[in-house]
Amino acid sequence: MNNLTVYRILTYVLLAIGGFLALLLLGMLMAALANPVLLLPVFLLACVLIYTYCSFRFLSRGIDAHMYCRPSLRDLIRVNGYGTMGFASLTIVNCIMLMMNPSTLNEVVEQAMSMQKEQVEGMEEMMISFMNYTIKFLLFYSIGLLLHIFITFRLLRQHADAFDLPSNEA
């Protein structure tokens, strides 16, 4: 399978997940206005969303349609790619730490359950299994993001002519 085919598939998968993350970003933005500690995660999530959209635009316009792309698109991809790389790296480290040390996850679930007014039978096991699935999903998503970023940076160098002004030769 061609590298461009893998890149195209990854781009569309990341774009679909980005749609859901955009909804999450709206909710987090409202929470960050009340609690400034959340501004860094909001910033990193915004970097992921901007990178995802800009890389899709580069794929559809610059690579597939061979159209002129503004240099600002390349700059947006690079800057937000670095922010996305930080997000993905932090997420991978956190996921691996939680997978290797499940007692931390159990403590978090126990604290969350102690804050509930009513104790529901089987809720703790359900929360732990949901958190395990979420951790695995985030791990694969972050690995996909890192792979996509490296391919994008390579394609930016290969298709640098997409950012050159078209000449009006008749």
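Readers should treat all values here as calculations from the given coordinates under stated rules, not as data from a laboratory. Computed from a predicted structure; not experimentally measured. FYI the Cβ positions are ideal-geometry reconstructions off the backbone, even for glycines, and counts take in every protein chain you see.
What the table shows:
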{"quantity": "Among the residues listed as L38, L33, L25, the single one being under 12 Å from the mean Cα position of the chain (by Cα) and free of Cβ contacts under 8 Å to residues at least 40 places away in the same chain", "calculated": "L25"}
{"quantity": "Any pair with Cβ under 8 angstrom, 6 or more apart, that starts in the stretch 6-21 at a residue that is basic (K, R) and ends at one that is surrounded by 15 or more Cβ atoms within 10 Å (Cβ to Cβ)", "calculated": "R8/L59"}
{"quantity": "Residue selected from the stretch 147-170 under the condition surrounded by fewer than 17 Cβ atoms within 10 Å (Cβ to Cβ) and part of a helix (DSSP H, G or I), by the criterion nearest to the chain's Cα centre (by Cα)", "calculated": "L147"}
{"quantity": "Scan of the stretch 107-139 for residues that are surrounded by 14 or more Cβ atoms within 10 Å (Cβ to Cβ) and not aliphatic (A, V, I, L, M), ordered by number", "calculated": "E124, N132"}
{"quantity": "Selection from the stretch 60-94 of residues that are buried (at least 17 other Cβ atoms within 10 Å of the Cβ), part of a helix (DSSP H, G or I) and touching a residue at least 60 places away in the same chain (Cβ under 8 Å)", "calculated": "G62, I63, L73, R74, I77, G81, T84, M85, A88"}
{"quantity": "Residue check for D64: charged (D, E, K, R) and within 21 Å of the chain's Cα centre (by Cα)", "calculated": "no"}
